[in-house]
Amino acid sequence: MDIKVLKFGGSSLADAAQYKKVAEIIRADPARRYVVASAPGKRFPEDTKITDMLYRCFELAAQKQNIDEAFGEVEARYDAIIRDLGLDFSLEEEYRKIRMAIEHHAGEDYVASRGEYLGAMILAKYLDFPFIDAESGIFFRKDGTFDDRATYKALGALLSGKAYAVVPGFYGSMPNGTIKTFSRGGSDITGAIVARAAEAALYENWTDVSGMLMADPRLIENPRVISEITYRELRELAYMGATVMHEEAIFPVREACIPINIRNTNAPADPGTMILSRTDRMPMDTIITGVAGRKGFSSITIEKDRMNTEVGFGRKVLGVLEDFHISFEHAPTGIDTMSVVVHTEALRDCKEALIGRIFHDANADSVTIDDNIALIAIVGRGMVRAKGTAGRVLTAIAEQDVNIRMIDQGSGENNIIVGVSEDDYDTALRAIYHAFVREA
Ligand code: ASP
């Protein structure tokens, strides 16, 4: 039978009621064999995540302050879950060890990782699944990078010895045995690593939304859920800030062609979003898969008469950027002009010096910088075959009387980027979305 690996996020495990939903989901399908757990997250908007409570304990200990109250709150959260699940089980001994380690200045990553460690222990107990500590199956190299070879060998062996298991997310161990965590939200990465090590057919990432949305819900009311998206499209949208999980979680599963299914613990019947290496299925009734954007860009415009006849002009301009360690996003060119779009932040301390160098090295007639530019990416594999997509985008924006500052079509033909003034960002994004998605 094909193996499914499931990862549950913090809100899916925030209290006993959520644990019950999680258990029901796991038990509904015998292929759901390996489960990765985040630490209990927020139960309501003003609540504090266990991970943040633990970081707080670490800080208090570092300032030589008493941790009794702060750590007591952590214990109380877990004890309530254990009690409300009706488990005959105590974490007292674990609490004692952890509290002592914190008081003796254990490392920050160790302290933070105990959130998933304790939470996963409870889940294993509740499901009656074996517990596999990530410490003995997920490894980092000395330089702190993820050690894929050592991990897949050890974790693969640990998993193959067990039909079912719960693995805590977020951390692994260093060559000297100390605990190291991934960056925040890193249980998504653990889930992907376990899926890869188990040679799973599917990685289910259970969260509190019914999939990835076609646009930012703060700008578009009730945007549609994306039913299928390719890894490449996801990268394009994620780069523009549309995220549904940790960006680095893509790599382990992408290499092994394991699809990811984003699902909602609170609405398990919803199909969610499938993230696939490739798909021949086009988005249902729109040619775009999603639209996302970001503010905070600047456009450097360089003018030079007869630039088009000068071989090496672009190289000289980009060479200056390279010397300043600035990476560029887009570089649309005209006959006598070239623009380079960069993050405004990258120009913060070097605007004047950069302008001077471009003047000098490229022998430019003029160099100007415009700030406050927002970029909007219209992404979709369907665009390769469809005609007139760019026209629809431009018309939609023009109808709102918004001026387009830049346009660029990616060479893969699966994205179009438009630059507008930051003030026009919301209007332009809404216009583009509605040009492709007609409400039913
Ligand atoms: N608990 C960790 C965090 O809050 C990791 C995770 O939830 O993925 O960042």
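Table: residues versus (1) buried (at least 19 other Cβ atoms within 10 Å of the Cβ); (2) at negative phi; (3) at pLDDT 95 or above; (4) among the hydrophobic types (A, V, I, L, M, F, W, C).
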residue: Cys350; (1), (2), (3), (4): no, yes, no, yes
residue: Phe359; (1), (2), (3), (4): no, yes, no, yes
residue: Ala362; (1), (2), (3), (4): yes, yes, no, yes
residue: Arg381; (1), (2), (3), (4): yes, yes, no, no
residue: Arg385; (1), (2), (3), (4): no, yes, no, no
residue: Gly388; (1), (2), (3), (4): no, no, no, no
residue: Arg392; (1), (2), (3), (4): no, yes, no, no
residue: Arg405; (1), (2), (3), (4): yes, yes, no, no
Check your understanding: When you go through (1) within 13 Å of the ligand (Cβ to nearest atom); (2) touching a Phe, Trp or Tyr at 6+ places or on another chain (Cβ under 7 Å) one by one for Val166, which number turns out not to apply?
Key -> (1)
Point to revise | Subset of region 319-340 (residues that are in a loop (DSSP other than H, G, I, E, B) and within 21 Å of Glu303 (Cβ to Cβ)) | key: Phe324, Ile326, Phe328, Glu329, Ala331, Pro332, Gly334, Ile335, Asp336
Check your understanding: Hey, does region 171-193 have a residue that's more than 16 Å from the ligand (Cβ to nearest atom), in contact (Cβ under 8 Å) with a residue 24 or more places away in the chain and of a type in the set (Val, Ile, Thr)?
Key -> yes
Revision key, fill the gap. So the helices (runs of 4 or more DSSP H) completely within region 341-437 holding 3 or more residues that are out of contact with any His (no Cβ under 6 Å at 6 or more places or on another chain) and touching a residue at least 60 places away in the same chain (Cβ under 8 Å) are 425-436
Practice item. Please work out if Arg27 is away from the ligand (no atom under 16 Å from the Cβ), under 19 Å from Leu85 (Cβ atoms) and modelled with pLDDT of 95 or more. Key: yes
**Study point:** In region 17-56, the residues that are of a type in the set (A, V, I, L, M, F, W, C) and under 20 Å from Gly186 (Cα atoms)
**Key:** Val22, Val35, Val36, Ala37, Ala39, Ile50, Met53, Leu54
Practice item. For Ile81, indicate whether it is in contact (Cβ under 8 Å) with a residue 60 or more places away in the chain and out of contact with any helix residue (DSSP H, G or I) (no Cβ under 8 Å at 6 or more places or on another chain). Key: no
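So that you can scan it fast, the table gives a plain yes or no per residue for (1) crowded, with 16+ Cβ neighbours inside 10 Å; (2) assigned to a loop (DSSP other than H, G, I, E, B):
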site	(1), (2)
Pro175	no, yes
Gly211	yes, yes
Asp216	yes, yes
Glu236	yes, no
Arg254	yes, no
Ala267	no, yes
Practice item. Go through region 49-72 residue by residue and tally those that are away from the ligand (no atom under 16 Å from the Cβ), in a helix (DSSP H, G or I) and touching a residue at least 12 places away in the same chain (Cβ under 8 Å). Key: 4
Check your understanding: Consider Ser113 against the criteria (1) within 16 Å of the ligand (Cβ to nearest atom); (2) among the polar types (S, T, N, Q); (3) part of a loop (DSSP other than H, G, I, E, B); (4) crowded, with 18+ Cβ neighbours inside 10 Å: it satisfies all of them except one. Which criterion is unmet?
Key -> (3)
Exercise for review: Collect the residues in region 48-105 that are on the phi > 0 side of the Ramachandran plot and surrounded by 12 or more Cβ atoms within 10 Å (Cβ to Cβ), keeping them in residue-number order.
Suggested key: His105
Review point. Residues of region 339-394 being among the hydroxyl-bearing types (Ser, Thr, Tyr) and closer than 28 Å to Glu413 by Cβ, which ones?
Key: Ser339, Thr389
Practice item. Taking Lys20 as the residue in question, decide whether it is more than 16 Å from the ligand (Cβ to nearest atom), on the phi > 0 side of the Ramachandran plot and not aromatic (Phe, Trp, Tyr). Key: no
Review point. Taking region 39-90 on its own, how many of its residues are closer than 14 Å to Ser113 by Cα and either under 23 Å from the mean Cα position of the chain (by Cα) or at pLDDT below 95 (or both)?
Key: 10
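Condition check ((1) out of contact with any Leu (no Cβ under 9 Å at 6 or more places or on another chain); (2) over 25 Å from Met274 (Cβ atoms); (3) crowded, with 24+ Cβ neighbours inside 10 Å) across all residues:
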position	(1), (2), (3)
Asp133	yes, yes, no
Arg149	yes, yes, no
Leu158	yes, yes, no
Tyr164	no, no, no
Ser187	yes, no, yes
Review point. Is it the case that some residue within region 248-256 is over 16 Å from the mean Cα position of the chain (by Cα) and of a type outside the set (A, V, I, L, M, F, W, C)?
Key: yes
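The rows are residues; the columns are (1) closer than 26 Å to Ala269 by Cα; (2) within 15 Å of the chain's Cα centre (by Cα).
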site: Ala163; (1), (2): yes, no
site: Pro168; (1), (2): yes, no
site: Gly177; (1), (2): no, no
site: Thr181; (1), (2): no, no
site: Gly191; (1), (2): yes, yes
site: Asn205; (1), (2): yes, yes
site: Met214; (1), (2): yes, no
site: Pro223; (1), (2): yes, no
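The values are calculated or read from the model by the stated rules, or taken from the named source; none is laboratory data. Every value quoted in this text rests on a predicted model; they were computed, and no experiment measured them. Neighbour counts run over all protein chains shown; Cβ positions are idealised from the backbone, glycine included.
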